[in-house]
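Trainee: The structure that follows is given in the form of structure tokens.
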Amino acid sequence: VTAMAKVNIAAIHYHFGSKDALVQAVLERRLSPVNQERLERLDALEAISDQSTLVLEDILRALFEPALRMSGIGGGGNKNIARLIGRIFSEPSNSLQLFLKERFQIVFERFTAALRSVLPELPEVDFFWRVHFMMGAMCHTLCDQERPKLLSGGLCDPHCFEETSDQLVIFVAGGLRAQCTNVRERGAS
């Protein structure tokens, strides 16, 4: 970072105080617009629907698509920010984890409420496991953009925004809607 900015390492400490503070500033700059767009899209969905007519796939698109654009899928954006976020999740720093939790708290609350409204029959424990897996699918899609092309021998185009968004939404919606099974009962028999 310092080499590309043509400054010495002391400049980071002077302007930001620490490496974590620099990373937080970068994340704030990139994530604030994404989260704002997510909330605006969810507001628009809720304005034209009541809770009983919200559509799962529309909620997922409102959550995923701003992040897909930010990460450069379909052109524009910046792949490096997705890699940085992926690294933060895989090599957690307590201060950065707290920072991300604070930045995503309102988005998490609003979207889990919207998802809950369209999945009311899903037991609470299953719901939160599925939200966890949903976030993992989204993060993996953002952070490892070349993998689908490699695995498919070029059949899949992870740089096509519509294809990536459609496939992610279909996959996650299927997982969220999947029939519940009681894992403990299944293991006991």
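The values are calculated or read from the model by the stated rules, or taken from the named source; none is laboratory data. Computed from a predicted model, the values in this text were never measured in an experiment. Here Cβ is always computed from backbone atoms with ideal geometry, including for glycine, and neighbour counts include all displayed protein chains. What goes into the accessible areas is simple: the full protein's heavy atoms, side chains included, and nothing from ligands, DNA or RNA. Shrake-Rupley method; radii C 1.70, N 1.55, O 1.52, S 1.80 Å.
Trainee: Hey, with R₀ at 45 Å, roughly what FRET efficiency would residue 150 and residue 8 work out to, going by the Cβ-Cβ distance, to 0.05?
Mentor: About 0.70, to the nearest 0.05.
Trainee: Then there is this: Would you kindly find the accessible area of residue 64, with a 1.4 Å probe and non-protein molecules such as ligands, DNA and RNA excluded, rounding to the nearest 10 Å²?
Mentor: Only protein atoms counted, so the area is about 0 Å².
Trainee: Further question: How big is the accessible area of residue 126 in square angstrom, nearest 10, if you roll a 1.4 angstrom probe over the protein chains?
Mentor: Roll a 1.4 Å probe over it and residue 126 shows about 40 Å².
Trainee: Before anything else, pin down the relative contact order of segment 36-189: Cα pairs under 8 Å, at least 6 apart, normalised by residue count, whole percent.
Mentor: Averaging sequence separation for qualifying contacts and normalising by length gives 31 percent for segment 36-189.
Trainee: Shape verdict for segment 67-116, please, from the Cα gyration tensor: rounded (a/c under 1.5), prolate (a/b greater than b/c) or oblate.
Mentor: oblate
Trainee: Still on this structure, I have one more. What is the distance, in nm, between label points placed 7 Å from the Cα along the Cα-to-Cβ direction at residue 162 and at residue 105?
Mentor: Taking the two extended label points, one gets 4.0 nm.
Trainee: So for segment 127-173, taking the charge dipole from beta-carbon charges (+1 Lys/Arg, -1 Asp/Glu), which of 139, 160, 127 sits furthest toward the positive end?
Mentor: It is 127, whose Cα lies furthest towards the positive end.
Trainee: Sticking with this one: Indicate the gyration tensor shape class of segment 85-189 (rounded, prolate or oblate), computed on the Cα atoms with a ≥ b ≥ c the square roots of the eigenvalues: a/c under 1.5 is rounded; otherwise a/b larger than b/c is prolate and the rest oblate.
Mentor: Oblate, since a/c reaches 1.5 and b/c is not below a/b.
Trainee: Using a cut-off of 14 Å between beta-carbons, work out the net charge of the residues near residue 55 (Lys and Arg +1, Asp and Glu -1, residue 55 not included).
Mentor: Summing Lys and Arg as +1 and Asp and Glu as -1 gives -1.
Trainee: Same structure, new question: Rank these residues by their accessible area, most exposed first, probe 1.4 Å: 53, 141.
Mentor: Heavy-atom accessible area, descending, gives 53, 141.
Trainee: I've got another one for you. Can you list the GluC sites (Glu not before Pro) in segment 110-157 that are in a DSSP coil and have 13 or fewer other beta carbons within 10 angstrom?
Mentor: Loop-located and lightly packed - 121, 146.
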